[in-house]
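Values in this text are rule-based calculations from the coordinates and carry no lab data. This one's a predicted model, so the numbers in the text were calculated from it and none came from an experiment. Cβ placement follows ideal geometry from the backbone for every residue including glycine, while neighbour counts extend to all protein chains displayed.
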Amino acid sequence: MNLIAIDIGNTNIKAAFFLNDEEKQLRSIGGYEAEIFLRLQETLAEFWDLVPLVKGAEEAVRDGVIVVSSVKPEWTEMVREAVHDELGQKALVIGEDIPLPIETATDDARQIGTDRLVTAAAAFSVVEDAVVVADFGTAVTIDLVDESGVFLGGTISPGFDLSMRAMKAGTARLPEVAMQKPKQAYGANTEEAMRAGVYWGAIGLLETICRKYAEELGKWPHVVLTGGAAALIHDDCDFVDSYVPNLAVRGIMIAYKKYLYEKADVAEHDSDAAENQ
């Protein structure tokens, strides 16, 4: 399958090109909004040119599809327009054009960010057992899927940059500090103390929540770490089983393939029913 996966986050966009189910290109696009969409248009045009033509077609038609997962509705519409205007294609949006890829036991699955659901579906498709997916981005989400593949829910907390900005905004004297790995467990100055607090606090949060999930399940689940900020902490998370930086774009591919399989099953069932009438 040839697919362009677009993962729209709160602050940036990731785009991946899959050729015959294999990831060939990946771009992370950030910056000012106008810059993001200019670069996205360029990336879409470049990726779409890599999609093979349909063999035997009378006209030049690309054998590919563009699928979007988004947590930012206003950007979703801009991406739809970019895909239509630049490529003459329709972007398929998970949760709208494509069903959610995983069963949930939550109060309202429509209120859950599709990024959380596609990463959970991707993780379970590999682990095939209870799994925790910790996604470190603008926010930190730590989600639990049970051994039957049901998304049970999770936690949401501020990411590194949000935490740093909140301390600056909510206090009289704490400075604006760029997040980076602290030199040691304690800070010998204010900046390092802030970094150490946020850094080790995030690792402690993840380990504690995984332990609480394990108590609920009766066993320790497989723990997967992902997200743009996960690279900062994964070396100090010895309780994490897998580190997959770009799990969301893989989850988009899985969501679309599941949709196709289920649609084919329905069509086969309807055909069999018609033959038996």
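Just name the residue that is nearest to the chain's Cα centre (by Cα) out of those in the stretch 126-173 that are crowded, with 22+ Cβ neighbours inside 10 Å and charged (D, E, K, R). Of everything passing the filter in the stretch 126-173, D135 is nearest to the chain's Cα centre (by Cα). Only one of the numbered conditions (1) within 16 Å of T141 (Cα to Cα); (2) without any contact (Cβ under 8 Å) to a residue 60 or more places away in the chain is not met by G197, and that is (1). Out of V240, V249, one residue alone is touching a helix residue (DSSP H, G or I) at 6+ places or on another chain (Cβ under 9 Å), buried (at least 16 other Cβ atoms within 10 Å of the Cβ) and assigned to a loop (DSSP other than H, G, I, E, B). It is V240. For residues that are outside any loop (DSSP other than H, G, I, E, B) and of a type outside the set (A, V, I, L, M, F, W, C), scanning just the stretch 142-157, find the one that is nearest to V223 (Cα to Cα). The qualifying residue nearest to V223 (Cα to Cα) is D143. In the stretch 86-125, what count of residues is obtained for those that are buried (at least 22 other Cβ atoms within 10 Å of the Cβ), in a helix (DSSP H, G or I) and not basic (K, R)? Count: 10. Entry remark, the stretch 163-187: residues being part of a loop (DSSP other than H, G, I, E, B) and either free of Cβ contacts under 8 Å to residues at least 24 places away in the same chain or closer than 18 Å to A139 by Cβ (or both) number 15 in total.
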